[in-house]
Number of protein chains: 2
Amino acid sequence: MQRYRLTVAYEGTDFHGWQKQHPKGAAPLRTVQGVLEEAICTVVREAVALVGASRTDAGVHAEGQVAAFTTSSGIARARLLRAINGRLPADVQVSSLAPAAADFDPIADAVVKTYRYRIAHGGAAGVLPPLFDRRLVTFSPYTLDAGAMARAAAALVGTHDFASFTRVSHGRESTVRSITACTVKATSRTRLRIDVTGDGFLYNMVRIIAGTLVEVGRGRLGPEDIPRIIAQRDRDAAGPTMPPQGLCLMKVRYTPRRAK
Amino acid sequence: MQRYRLTVAYEGTDFHGWQKQHPKGAAPLRTVQGVLEEAICTVVREAVALVGASRTDAGVHAEGQVAAFTTSSGIARARLLRAINGRLPADVQVSSLAPAAADFDPIADAVVKTYRYRIAHGGAAGVLPPLFDRRLVTFSPYTLDAGAMARAAAALVGTHDFASFTRVSHGRESTVRSITACTVKATSRTRLRIDVTGDGFLYNMVRIIAGTLVEVGRGRLGPEDIPRIIAQRDRDAAGPTMPPQGLCLMKVRYTPRRAK
């Protein structure tokens, strides 16, 4: 038996997210896990269980999702990669495939993940929405101050209870997470991107962080409000949840031992 | 009456090209001219005839198509631009709108047009096809030598009979055209773009130029073959017609008097 670690890239637009979904009495939904698992099973000629590091939501993209499966197939690695990619549709691809430890767990072994949120802004000032990359970028009507957003982003770094930054606080599991880096970079006069790296993310956390930073960027909140919003542990204290299509899972990092 | 000049950008993927098409006994096809004319008519509340500088084919994109129409509407220019864009679908937009001379003709008054052809290459060597911008880039299995392609491109510059570079030589109209610039630029190890500027282009000419340069890039032709291919005035002497989705109309230039 050989376990493999895959790096997977996809455009999330036409997927119902990563995770397999089979609604009762209906056809299975088109998901990345479903499409990829099917391609792998066909190639290795046996059932495999594919596990992904992050259950990205419908519409969310990935450049560096990490997944793993174990197979008894002896197909050589380069041929396996080529055969899987040959059976995938145009909106998903495996960019690398490497042998992994038999107990490699893409979820539990992940050390940090990095997400990027892309925004085009200035709609109310006459800036046109994104055209050629409109599936990958969220358009904001406001003209955003990237400098103020960068200062607010820096205030999110650290180990905090991020209960204000998740959809529902179920009150049982811990909502404490560590953000190790959060930056805002203006890539042009009307474009910016938010990069967030952390050891784990609550449901909708990056999209709510992006929505809160947009509130700062348009002047409705200041960087100095961030500590208060964190302290309130109240979803209503933070900004809105931004739409999925601006979000992309960029990278999942593992300890060298596990990455092998 | 006021004539307006528009700069139009569109992703051609879901259009049957620029030009209006209404097959007999069937619904009109979705074309850029059709969609845009309809939006303008709704805004100015009268029938208008929209003329475009270039009848781009199905699947071909534009960043700088130029079009013109005349209206008796007195709507102020900024409001007119906003109202038209407000009625357009997400894959087409008017990036500028300016008053033009009453006799401004986007086709006859054009001095030069610039097209770009984008290629990702190296498929046979394991390079994966484009993912996020796959609608805008053509993927070639071959590993291409951009330097050789650039030398071949330079050999196309000048006033020549380009009969080898068009689909059918009907033998009546002149196939002589002037290419004022033709460059090949590697934007990464696996990406390149071909920019062609000329006073006019025959049917499929840019896509056949791109296909001929790909033959040079993969080593089946050399830059020194270009003068011979031009001299043969035979479609079979040139390379294949590349697919539409790599092609984009970048810019149409007018004399300052006409641009007004």
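Just so it is clear, none of the values below were taken in a lab; they were calculated from the coordinates. On a predicted model such as this, the values are computed, not experimentally measured, just so you know. We place every Cβ from the backbone using ideal geometry, glycine too, and count neighbours over all the protein chains shown.
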**Asked** Is there a simple number for the mean count of other chain Cβ atoms within 10 Å of the Cβ of residues in A:131-142, and what is it?
**Response** 3
**Request:** Within 10 Å of each residue's Cβ, count the other Cβ atoms and sort A:PHE165, A:PHE139 from fewest upward.
**Result:** A:PHE139, A:PHE165
**Prompt:** Quick one: A:GLU63, B:GLU173, fewest Cβ neighbours within 10 Å first, how do they rank?
**Reply:** B:GLU173, A:GLU63
**Asked** Hey, what angle do you get for helix A:77-86 against the long axis of chain A, alpha-carbon based, 0 to 90 degrees rounded to 10?
**Response** 70
**Prompt:** Want the number for B:ARG220 to B:VAL176: 0.36 nm per residue separation, take away the alpha-carbon distance, what's left?
**Reply:** 13.2 nm
**Asked** Cα-based Rg (one decimal) and Dmax (whole number) for segment B:170-260, in Å?
**Response** 14.8, 47
**Item:** Relative contact order (%) - chain B, alpha-carbon pairs under 8 angstrom, separation at least six
**Value:** 23
**Request:** Identify, for chain B, the residue whose C-beta comes nearest the rotation axis onto chain A, and round that distance to whole Å.
**Result:** B:ASP133, 4
**Prompt:** In percent, what relative contact order does segment B:1-136 have, based on Cα pairs under 8 Å that are 6 or more apart in sequence?
**Reply:** 33
**Asked** Of B:LEU247, B:LEU81, B:LEU128, which is the most mobile in a GNM of chain B whose springs link Cα atoms less than 10 angstrom apart?
**Response** B:LEU128
**Item:** Gyration tensor (alpha-carbon) shape descriptor, the protein assembly as shown, a/c threshold 1.5
**Value:** oblate
**Prompt:** Given the options A:GLY126, A:GLY158, A:GLY86, which has the most mean-square fluctuation in a GNM of chain A, springs set between C-alpha atoms less than 10 angstrom apart?
**Reply:** A:GLY126
**Message:** Going 7 Å from Cα along the Cα-Cβ axis for the label, what nanometre distances separate B:THR255 from the same residue across the other copies?
**Reply:** 7.5
**Prompt:** With the Cα gyration tensor of segment A:71-153 giving a ≥ b ≥ c as the square roots of its eigenvalues, does the rule (a/c under 1.5 for rounded; else a/b larger than b/c for prolate; else oblate) give rounded, prolate or oblate?
**Reply:** oblate
**Asked** Of A:ARG235, A:ARG189, A:ARG135, which has the largest mean-square fluctuation in a 10 Å C-alpha GNM of chain A?
**Response** A:ARG189
**For segment A:34-108 versus segment A:178-225, the gap between their alpha-carbon centres in whole angstrom** = 30
**Message:** Counting only other residues whose beta carbon sits under 12 Å from that of B:GLY222, what net charge do I get with K and R as +1, D and E as -1?
**Reply:** 0
**Asked** In which sequence would B:ILE194, B:ILE230 go, from the one with the fewest C-beta neighbours within 10 Å to the one with the most?
**Response** B:ILE230, B:ILE194
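Give me the percent relative contact order of segment B:148-260, please, defined on Cα pairs under 8 angstrom at least 6 residues apart.
32
Viscosity 1.306 mPa s, temperature 10 °C: what is the translational diffusion coefficient of chain A from Stokes-Einstein with a Kirkwood Rh over Cα pairs, rounded to a whole number of µm²/s?
Answer from the Stokes-Einstein relation: 82 µm²/s.
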**Item:** Whether segment A:2-42 is rounded, prolate or oblate, judged on the alpha carbon gyration tensor where a/c under 1.5 counts as rounded
**Value:** oblate
**Message:** What does the charge count around B:GLY198 come to, taking other residues whose C-beta lies under 15 Å from its C-beta (Lys +1, Arg +1, Asp -1, Glu -1)?
**Reply:** +3
**Complete:** Full extension between B:MET1 and B:THR143 adds, at 0.36 nm per residue less the Cα distance, a length in nm of 45.6 nm
**Message:** Defining the label point at 7 Å along Cα→Cβ, can you sort the distances from B:ARG30 to the same site in each other copy, shortest first, in nm?
**Reply:** 1.5
**Request:** Note down the net charge around A:ALA146, summing +1 for each Lys or Arg and -1 for each Asp or Glu among other residues with Cβ under 11 Å from its Cβ.
**Result:** +4
**Request:** Filter the cross-link list A:LYS24/A:LYS251; B:LYS113/B:LYS185; A:LYS185/A:LYS251; A:LYS20/A:LYS113 down to pairs whose alpha-carbon distance in this structure exceeds 26 Å.
**Result:** A:LYS24/A:LYS251
**Request:** Give, as ranges by residue number, the residues of segment B:120-158 whose backbone N falls under 12 Å from the point 7 Å along Cα→Cβ of A:ALA78.
**Result:** B:125-127
